[in-house]
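What follows is a short report on a single structure.
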Amino acid sequence: MREYEKHRKSKDYAAVMDLITRANWEQMEVEKKMCDALKELFAEELKEADNNGRTEGIQTGIQQGKREMILAFLKAGAEINIIKEATGLNEEQIDEIRREIE
């Protein structure tokens with residue numbers, strides 16, 4: 001089972017794994033039921049973790065986008081008022097990002 005991922009496209013390997021699975025069908029069903037029970041038991045925690053990860057990823061993307069926008073404005077020589085208006089950040093936040101970039 002540990003080596004399956006490396007060889008899963010091999011027809012011979014797949015046939016052997018199929019044979020092993022069929023020979024141990026009862027054990028496979030017991031383990032599948034345990035996995036299903038664990039998924040059900042931890043469904044809320046898994047959903048919350050997934051949502052937190054997605055939210056964190058979106059926020060990171062927004063921050064990165066704003067940093068890139070500020071960098072582009074600074075390279076173009078834009079005035080601070082234009083940068084503030086375009087990004088919705090205040091002067092302190094823009095200066096902080098400017099320092100991080102430098």
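So here's what we get for this one:
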read-out: Unique match (being at pLDDT below 75 and not small (Gly, Ala, Ser)) among Val16, Val30; value: Val30
read-out: Within the range 47-102, tally of residues that are of a type outside the set (A, V, I, L, M, F, W, C), modelled with pLDDT of 75 or more and part of a loop (DSSP other than H, G, I, E, B); value: 4
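The values are calculated or read from the model by the stated rules, or taken from the named source; none is laboratory data. Bear in mind that the values here come from a model prediction, so they are computed numbers and not experimental data.
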